[in-house]
1. Filtering the range 133-147 down to residues that are without any contact (Cβ under 8 Å) to a residue 60 or more places away in the chain and in contact with a helix residue (DSSP H, G or I) (Cβ under 6 Å, 6 or more places away or on another chain), which residue is surrounded by the fewest Cβ atoms within 10 Å (Cβ to Cβ)?
2. Yes or no: the range 115-132 includes at least one residue that is touching a His at 6+ places or on another chain (Cβ under 7 Å), of a type in the set (A, V, I, L, M) and surrounded by 14 or more Cβ atoms within 10 Å (Cβ to Cβ).
3. Mind checking which residues of the range 97-117 are assigned to a helix (DSSP H, G or I) and of a type in the set (Ser, Thr, Tyr)?
4. Condition first: modelled with pLDDT of 95 or more and among the polar types (S, T, N, Q). Now tell me which residues in the range 53-67 satisfy that.
5. Which condition breaks for Trp42 when tested against (1) modelled with pLDDT under 95; (2) farther than 19 Å from Ala135 by Cα; (3) buried (at least 17 other Cβ atoms within 10 Å of the Cβ)?
6. Scan the range 133-145 residue by residue and report those that are of a type outside the set (S, T, N, Q) and more than 16 Å from the chain's Cα centre (by Cα).
7. Here is a list: Thr23, Thr93. Which entry is loosely packed, with under 13 Cβ neighbours inside 10 Å, under 14 Å from Ala129 (Cα atoms) and at pLDDT 95 or above?
8. Out of Ala39, Ala78, report the one residue that is free of Cβ contacts under 8 Å to residues at least 40 places away in the same chain and not β-branched (Val, Ile, Thr).
Amino acid sequence: MYSAVLLAHSWIRWIALVAAVGTVLAALRIRVPADRAGADRWSLYAMAALDLQMLLGLLLYFALSPFTAEAMKNMSAAMQNPQLRFWAVEHLTSMLVAIVLAHVGRVLARKATTPSSIKRRLLICFGLATILIIAGIPWPGFANGRPLFRL
């Protein structure tokens, strides 16, 4: 079960990342109210992918991952181990904050009335969310690195 969920979590991250970047790029194009449809669609895709990613991530975190199970046994020792700290705290925190920012940005943009306020809200929230997602991904070559594409 762990391997299957980890595989899905690994692949869906790319969908979530592409959708978040797509939202930022679509927001840059907003000039008149009619332009908001593309950004709204991209943000919907981003929300769906991020929510699914969060569901799988929480399943890994609380039920399946040997890393977090080990960290939960002794959290003070886990804080002194960079790899355990990354999985127990840093990865989880950056991704949860990114998801909250994306949700807030989508809601604020949908409530906005002018193209400039829609654009600004999406760019700020989804821009920060995208940065947090990129920062929280365990890139190959780093201490906690994982393969870009699991097979």
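The values are calculated or read from the model by the stated rules, or taken from the named source; none is laboratory data. From a predicted model like this one, the values you see are computed outputs, not experimental measurements. Don't worry about glycine lacking a Cβ; one is built from the backbone with ideal geometry, like all the others, and counts go over all protein chains shown.
1. Among residues in the range 133-147 that are without any contact (Cβ under 8 Å) to a residue 60 or more places away in the chain and in contact with a helix residue (DSSP H, G or I) (Cβ under 6 Å, 6 or more places away or on another chain), the one surrounded by the fewest Cβ atoms within 10 Å (Cβ to Cβ) is Ala135.
2. no
3. Within the range 97-117, Ser116, Ser117 meet the criteria.
4. Scanning the range 53-67 gives a single hit, Gln53.
5. (1)
6. If the condition is that a residue be of a type outside the set (S, T, N, Q) and more than 16 Å from the chain's Cα centre (by Cα), then Pro140, Gly141, Phe142, Ala143, Gly145 are the ones that fit.
7. When all the criteria are applied, what remains is Thr93.
8. Ala78
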